[in-house]
Every structure is written in C-alpha cells, then in structure tokens.
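What follows is one structure encoded as structure tokens, with my remarks underneath.
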Amino acid sequence: MTSLAMVPPDSTAVVAALPRSHGLAKRLIALGLNPGAEVRVLQNRGGGPLIVEVHGARLALGRGQAARVAVELVGSPELGSVVRLPQAEEPGGGG
C-alpha cells in the first residue's frame with residue numbers, strides 16, 4: 001500500500017483507505033474518491049497538485065490531501081487482478 005501522492009503519472013490505483021479526518025474524508029467521497037474507486041493519475045510532478053481521473057472526471061488534489069489517501073497500485077500483488085466491466089450505454093444515447 002502507498003499514498004496517492006506517490007503514484008506515478010499514467011498509473012492506475014484503487015483507493016484502499018481514506019484519512020481519519022471526517023471533513024476531508026467526506027469531501028473526498030463527494031468527489032468520488034471512496035474506498036474501492038479506481039483512480040488514474042494524469043499528472044504528478046512532485047510539487048503542486050496532482051491531477052487524477054476518477055469515474056470519468058478530472059480532479060485536482062493538493063499534495064497534502066493526496067498523501068493522506070491510501071491506495072493499491074493496479075497489478076500489485078496485494079490487490080490481485082482487476083476485472084473491468086463494460087459500461088452500460090446511456091438511455092437514448094446510442095449512436
């Protein structure tokens with residue numbers, strides 16, 4: 001397990017645990033960063049915010065916030081294999 005702040009760009013991780021701070025945990029859950037959520041790191045330059053993608057939305061997280069989110073890298077032995085399910089089509093949105 002590592003923190004989201006340590007995940008390199010173009011890597012995917014699964015949220016394992018949130019910070020104990022109720023306010024921060026509540027905010028992260030509202031953004032879709034709940035335990036079990038798959039997160040792709042788009043930008044992590046070692047300073048400044050991280051840009052991540054979760055549930056198809058891009059988010060900027062402060063480095064301090066990201067450091068308090070525990071994750072497992074996809075493909076790590078602790079996590080096991082990840083099965084991706086096909087997304088359902090939007091009603092009336094075929095094309």
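The values are calculated or read from the model by the stated rules, or taken from the named source; none is laboratory data. Since the model is a prediction, treat every value here as computed from it, not as a measurement. Glycine gets a Cβ as well: all are built from the backbone with ideal geometry, and neighbour counts include every protein chain shown.
In segment 38-72, which residues are part of a strand (DSSP E or B) and either of a type in the set (Ser, Thr, Tyr) or more than 9 Å from the chain's Cα centre (by Cα) (or both)? Write out each step before concluding.
Taking segment 38-72 as the starting set, the residues that turn out to be part of a strand (DSSP E or B) are 38-43, 50-54, 57-61, 70-72.
Result: 42, 43, 50, 51, 57, 58, 59, 60, 61, 70, 72.
I need the full set of residues from segment 8-17 which are in a loop (DSSP other than H, G, I, E, B) and surrounded by 12 or more Cβ atoms within 10 Å (Cβ to Cβ), in order please. Steps first, please.
Here is the first cut: in segment 8-17, the ones in a loop (DSSP other than H, G, I, E, B) are 8-10.
Across segment 8-17, the qualifying residue is only 9.
Only residues that are of a type outside the set (A, V, I, L, M) and in contact with a helix residue (DSSP H, G or I) (Cβ under 7 Å, 6 or more places away or on another chain): list them for segment 15-45, please. Break it down into steps so the answer makes sense when it comes.
Taking segment 15-45 as the starting set, the residues that turn out to be of a type outside the set (A, V, I, L, M) are 19-23, 26-27, 32, 34-36, 38, 40, 43-45.
If the condition is that a residue be of a type outside the set (A, V, I, L, M) and in contact with a helix residue (DSSP H, G or I) (Cβ under 7 Å, 6 or more places away or on another chain), then 19 is the only one that fits.
Residues being surrounded by fewer than 14 Cβ atoms within 10 Å (Cβ to Cβ) and either closer than 11 Å to residue 69 by Cβ or touching a Ser or Thr at 6+ places or on another chain (Cβ under 7 Å) (or both): count how many of those fall in segment 22-34.
Summing the residues that are surrounded by fewer than 14 Cβ atoms within 10 Å (Cβ to Cβ) and either closer than 11 Å to residue 69 by Cβ or touching a Ser or Thr at 6+ places or on another chain (Cβ under 7 Å) (or both) in segment 22-34 gives 0.
So for segment 18-35 (the condition being in contact (Cβ under 8 Å) with a residue 24 or more places away in the chain, in a strand (DSSP E or B) and at negative phi), does at least one residue qualify?
Step one: of segment 18-35, the residues in contact (Cβ under 8 Å) with a residue 24 or more places away in the chain are 18-19, 21, 24, 28, 31-33.
Subsequent filtering for residues that are in a strand (DSSP E or B) retains none.
Checking segment 18-35: not a single residue is in contact (Cβ under 8 Å) with a residue 24 or more places away in the chain, in a strand (DSSP E or B) and at negative phi.
From the list 27, 40, pick out the single residue that is out of contact with any Lys or Arg (no Cβ under 7 Å at 6 or more places or on another chain) and at pLDDT 95 or above.
On the way: 27 fails: at pLDDT 95 or above.
Just one listed residue meets the conditions, 40.
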